[in-house]
1. Give me the number: length gained by fully extending K253 to S53, i.e. 0.36 nm times residue separation minus the C-alpha to C-alpha distance, one decimal in nm.
2. From the alpha carbon gyration tensor of the range 162-268, can you work out the equivalent ellipsoid semi-axes (sqrt of 5 times each eigenvalue) and give them in Å, largest to smallest?
3. Please go through the residue pairs K160/K253; K54/K217; K139/K176; K177/K217; K54/K177; K176/K245 and name each one whose alpha carbons sit more than 21 Å apart in this structure.
4. Counting heavy atoms of the protein chains only and a 1.4 Å probe, report the per residue accessible area for the chain as a whole number of Å².
5. Name the residue, out of G222, G55, G243, whose mean-square fluctuation peaks in a Gaussian network model built on the chain with Cα pairs under 10 Å.
6. Give me the net charge of S41's neighbourhood, meaning all other residues with Cβ under 13 Å from the Cβ of S41; Lys, Arg count +1, Asp, Glu -1.
7. First select every other residue whose beta carbon is under 10 angstrom from the beta carbon of P67; then total the charges, Lys and Arg +1, Asp and Glu -1.
8. Out of G218, G79, V102, whose Cα points farthest toward the positive end of the dipole of the chain (charges: +1 Lys, Arg; -1 Asp, Glu; placed on Cβ)?
Amino acid sequence: MEFPEGEPGDSLAVETVKEGEGAAARKGDLVVADYVGYRWSKSERKLLASSYSKGQPGAFPTGQLVPGLTKALEGARPGSRVVARIPPEDGFGEKGDPKHQVGGDDTLVYVLDVRAVYARTAGPRGDRQAPLDDPGLPKVADASAGQVPRVTVPRAAAPKRLQVRTLVRGGGPAVKKGQLLALQYAGYFWRDGKAFNSSWSEGHPAAVTIGTGQVMKGWDQGLVGQRVGSRVLLVVPPSLGYGEKGLAQFGIKGSDTLVFVVDLLGAH
């Protein structure tokens, strides 16, 4: 990438170099894009990050990013190339971000090639399967778009092994190990059926790298091989979840069996 001579400007500048097609990203949507990011200051121009070197795109939950990136991605469509110059006041501010080697007076420059946009209300797309007739598994009821699915957990002992059921069978490609998976999800306690976290409550779809140990074993084992567009029910025993330590942040005990409803929106 070539930079102009001199210092960076002090205002936010966004240019769509190539127009894409499809639904435009809105605040609260998840954008998946290939990207390069640079630091631009009076003294240097330095590459900070590149998805091309990793071989996997990045996930950008609009509304959860630095303000300049959210503004740059709002309105972007799949297939677009967007270039953004983000001054400190629209970036990490005067404190910068030492973790990412960004100083308080550094301007950020991003080139983003948008692969996909996932709306905050996105859900499964496929053939609904016959209702579960297993009295030992939770029942999942439909909810309106953008709302957490309603789950009823049976008053019975939790299964000791991972349980995987496809509630909606999508028509997309099968999910492979190492892919970036865009999804909606909700997690519930087996012990009382209450939800402890969800992408719907977070306000945007989530993204994880699947099948490589970056998420719990129950997800890696249960979601690889499922088809994009599907809705999947997972019942995850502690050994394949958060283990003996649990996860205090969400009130998860070491003995908790967890129930998840996961919508597979896309795989990259």
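The values are calculated or read from the model by the stated rules, or taken from the named source; none is laboratory data. Computed from a predicted structure; not experimentally measured. As a convention, Cβ positions derive from the backbone with ideal geometry for all residues, glycine included, and neighbour counts pool all protein chains shown. Only protein heavy atoms, including side chains, enter the accessible area calculation; ligands, DNA and RNA are left aside. Shrake-Rupley method; radii C 1.70, N 1.55, O 1.52, S 1.80 Å.
1. Working: separation 200, 0.36 × 200 = 72.00 nm, distance 3.86 nm.
That works out to 68.1 nm of additional length.
2. Here the semi-axes work out to 22, 14, 13 Å.
3. Details: K160/K253 16 Å; K54/K217 23 Å; K139/K176 27 Å; K177/K217 12 Å; K54/K177 15 Å; K176/K245 29 Å.
Violating the 21 Å Cα-Cα cut-off are K54/K217; K139/K176; K176/K245.
4. On the way: 13700 Å² over 268 residues.
The answer is 51 Å² per residue.
5. G55
6. On the way: positive: R39, K42, R45, K46, R85; negative: E7, D10, E44, D105, D106.
After counting each charged neighbour, the total is 0.
7. Values: positive: K71; negative: E89, D90.
Summing Lys and Arg as +1 and Asp and Glu as -1 gives -1.
8. Towards the positive end, the residue furthest out is G218.
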